[in-house]
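Just so it is clear, none of the values below were taken in a lab; they were calculated from the coordinates. In this text the structure is predicted, and so the values were computed from the model without any measurement. Because the Cβ atoms are built from the backbone with ideal geometry, glycine has one as well, and the counts that use them run over all protein chains shown.
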Amino acid sequence: MIRSDTYILVKGAAFALLRAHKSMPFAQHALKQLLQHEEFGASAKRELSTSSTSKGESLYLCV
């Protein structure tokens, strides 16, 4: 079972990954899904407004 304080760290780390890879299609999609999220919505909006998509980049995320 994940304790609530650990869960908060996991959510923050997941968002940090999206932020670090915000030019990638998977991250763009995930950030758009978070726009209405109570906790991450404003941050997602900010990241989407400052993202730049680079052609030729590819990243595969395995979870």
Original post:
Residues with beta-carbon under 12 Å from that of Phe15, excluding Phe15: net charge, scoring Lys, Arg +1 and Asp, Glu -1?
Top reply: +2
**OP:** Highest first, please rank the peptides 39-51, 18-30 by the mean number of other Cβ atoms sitting within 10 Å of their residues.
**Re:** 18-30, 39-51
